[in-house]
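Following: one structure in structure tokens, then a few remarks.
The values are calculated or read from the model by the stated rules, or taken from the named source; none is laboratory data. No experiment lies behind these values; they were computed from the predicted model shown. As a convention, Cβ positions derive from the backbone with ideal geometry for all residues, glycine included, and neighbour counts pool all protein chains shown. Heads up: the accessible areas ignore ligands, DNA and RNA and are worked out on the full protein's heavy atoms, side chains in. Shrake-Rupley method; radii C 1.70, N 1.55, O 1.52, S 1.80 Å.
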Amino acid sequence: MFSVLKERKTVVVSGVPDGLLNNDVMTDILVIHFQMAKNNGGDVEEVTYPTMEKGVAYITFEDPEVVENVLKKDEHRLEDKRLSRYYPLKVTRYCENVFTSVTSVLNMSIFKDQFVLEDLIQELKKNITALNFGCLQSNGHISVQGPFPAIKLLKDFLLLKAKPLSEKDKREENKPHQRPKRRLQQQRLSMETSNFIPDPDGEKQVVVLDTDIYHYMKHFFFKKFLVNYGVVISDITDGEITTVYLENARSRSGAGQVLRVKEEIENQSIKLHNSLRKERLYLEGHTGDEKQKCKQACETVKSHYPYVLIIPYDTHIDIIGKSSEIFEFTKEVSRKIRSQKN
């Protein structure tokens, strides 16, 4: 959402009263609050409200030092004559989601007989702004980097562009002047996109997810898919990417349920990509006893944060949850660890 510099100048504010006033009015109230000296505030560059999380706003200051001052204030109370009472706010440091950016190399030469490739690339950039495109090579290859939701949009966009090519090839396949080169190119496109083409019977589907997103969904969402839809879910994890396989566990008459689950997982993964954040507690250099105390502290604090996921590893602990909770969680864990040492 934000650049690295902007991220350093931004705080997450939760507890904003939702639905009481017009969004523009509430934005104005937030600006006034965070510019006041008594709130350790300073000049506000931008307010992002509303956001995808109910009652959450992002406040970006002109000076990153103001972030530190605002965070030092023990209590933030949103007060204004346009509000019937004061509202306590929770202010935490902003952290951009740190889930995997996919890097892929596209072979755009497939489209060169139908489109001017430079114009097609410009159209992609305009329609999918979350992606970063490299330079178009002479062989038609171009590198693309971005989050999974944006890659999915790119895939859908290119499949739409490829559809007329496929239909044209079918019309020409019996003509004597058909060029083998085009047929080979179309075959390669089909191979490259085969993982995304649904099973016509709906009995088996494949979804590719960021591994952290997959862990969060598996912990909080996958059980209902098995119970409500009768879908068997298996996976293969390769580093930061997990391929999820969905298969019908019931009779053939329920085959359409698998496709429904696939679509629900894809939609949910996009929402989670936009709302989840990850913090990492490093354990390297700690003794076995210290590592165990850190893991115990996380488990103890987790009882107050039911929607935070803890994933322990030998060298670190990943903590995944909403931005409005994740920093408070790590602060409590740090306090717990310090109290154990005293």
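Computed values, structure above
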{"quantity": "Note, ³J(HN,Hα) from phi for segment 257-273, Karplus 6.51, -1.76, 1.60, rounded to Hz, x at Gly and Pro", "calculated": "5, 5, 5, 5, 5, 4, 5, 5, 5, 4, 5, 5, 5, 5, 4, 5, 4"}
{"quantity": "Accessible area (Å², per residue) of segment 211-323, counting only protein heavy atoms and a probe of 1.4 Å", "calculated": "54 Å²"}
{"quantity": "Two-site label geometry, residue 65 and residue 45: point separation in nm, points 7 Å out along Cα→Cβ", "calculated": "1.6 nm"}
{"quantity": "Rounded Å value of the spacing that divides the Cα centres of segment 108-132 and segment 211-283", "calculated": "31 Å"}
{"quantity": "If the convex hull is drawn through the Cα atoms of segment 230-296, its volume per residue in Å³", "calculated": "143 Å³"}
{"quantity": "Ordering of 333-339, 314-320 by burial proxy (mean other Cβ atoms within 10 Å per residue, highest first)", "calculated": "314-320, 333-339"}
{"quantity": "Filter on 152/271; 54/155; 278/322; 161/204 - keep pairs with C-alpha separation over 20 Å", "calculated": "54/155; 161/204"}
{"quantity": "Ranked by how many other beta carbons lie within 10 Å on average, peptides 41-48, 74-81 from highest", "calculated": "41-48, 74-81"}
{"quantity": "Placed amide H near residue 322: partners under 5 Å, 5+ positions off or other chain", "calculated": "277"}
